[in-house]
Structure formats: C-alpha cells, structure tokens
Amino acid sequence: MNPIERLTEHFEKFPGIGPRQARRFVQYLLAESPSYRTNLAESIRVLGSQTSQCKRCFRWFVKNPEKQNFCTICANTNRDQQTLFIVEKDADIDNVERSGFKGLYFVLGGTIPLASEEPERFVRVRELLNRVETDASESTFKEVILGLSATTEGDHTRLILQEKLLPIAEGLRFKISSLGRGLSTGSELEYADPDTIESALKSRQ
Ligand SMILES: [Zn+2]
C-alpha cells in the first residue's frame, strides 16, 4: 500500500470520518510544509507518553507527577463527593463543567448498541458497578446521575444501567436520576450548550 492510501486508511477509522473526508485530510497534509507534518507526527507520538487515564473516572488527562493516578477533578476533595455524573465520553465532561456542576464523573466510554447481548463489551459497566460499590463503602454517593444523550442508543443505555444499578442503589440507599427536560430529542451532551445542561440538571428526576 502506498503512503497516501495508508494514511487515508488511518483517517477513515476516525469517528464520523468517511473515505472522502479522509482523502481530503491527506491532500491537506500534502499541501502543508514538511515542518508542519513533522510537528503533527510528534504531537501524536507523545500523546500516549504524556497522558494517563484516570483510575477513578476513566477520562484522559495530562500526567501530573504528584497525583499520577487521578485527574484534577477526582483529586479535588473540595468537589461534592456524593454526586456522580455518568457521561458517555470525555468531551461531555468539558461541557458539563461549563454548566457549573461540582460533583464527580464517570466516563462510560460510549453507548450500548440496541441489539447487543453483552453491554460489557461496549461500555464500562463492570467498572461503573465497582466504582459505585467501592466508593459507597467509604463515602456513600447520595445520587448517581445518568447523563446520557437523548438518542435511541442513549435511552437504551440508560435503561440497562438503571436495571444494573438499582439493586446496589437499594442496598446502599442512593438515588438514580436522569437529566430532565431541556435536552432536545436526538441531542448529544457534547453539543448541548451549558445553559441547557444546567436546566436539564435542575429538572432531573
Ligand atoms: Zn478522574
């Protein structure tokens, strides 16, 4: 395979990118300067070595020599330790932060496809149940908010998580809530504006 085809194939694997867009990216890079391409390649190379996945919420963060295992949000003891906001992806956290939420997060890593028999294959269900149980023995969550997108897969994922969390919630006495009105049907948290998220949080039930 030639270098153009090889790079096109890499870009095609990116979320939401088709063959035509992938080819445009390669053409763009061909038109750029050699130093730009070198810088880009270097940025990709160090991405793995200078970042780490938080052991608690599973978001990616830039490594900090003192607090290796946890991201700044999880390491911040001034945040509300009793409210856990479950999101699909890292980008959702940035958006929820702008709405003024002060609790903790858990990144599921996606949504559960409608026809799937094994939700564990697609999202961090097991890690979520562990998180809720382990932490509850120390600090007790009072509430777990299911912050999933208002899409068909988001709704499906919410139902499965509710079913799995319910027995633990009953034993440890925490509330399971979902975002309320405000998020329009079909919308993803990542693209919702902070005011909309704030009102969806206020009307959660
Ligand atoms: Zn974290």
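The values are calculated or read from the model by the stated rules, or taken from the named source; none is laboratory data. No experiment lies behind these values; they were computed from the predicted model shown. Cβ sites come from the backbone with ideal geometry, for glycine too, and all protein chains shown count toward neighbours. Accessible surface areas use protein heavy atoms only, side chains included; no ligands, DNA or RNA. Shrake-Rupley method; radii C 1.70, N 1.55, O 1.52, S 1.80 Å.
Here are a few things to note about the model shown:
- Some residue of the range 20-34 being assigned to a loop (DSSP other than H, G, I, E, B), open to solvent by 50 Å² or more (accessible area, probe 1.4 Å) and either within 30 Å of Glu133 (Cβ to Cβ) or near the ligand (Cβ under 10 Å from one of its atoms) (or both): no
- Within the range 62-85, being within 13 Å of the ligand (Cβ to nearest atom), in a strand (DSSP E or B) and crowded, with 19+ Cβ neighbours inside 10 Å holds for Leu84, Phe85.
- Per the listing Lys55, Lys102, Lys142, the residue uniquely within 12 Å of the ligand (Cβ to nearest atom), open to solvent by 90 Å² or more (accessible area, probe 1.4 Å) and touching a residue at least 12 places away in the same chain (Cβ under 8 Å) is Lys55.
- Test: residue in the range 183-192 that is closer than 24 Å to Lys55 by Cα and part of a loop (DSSP other than H, G, I, E, B): no
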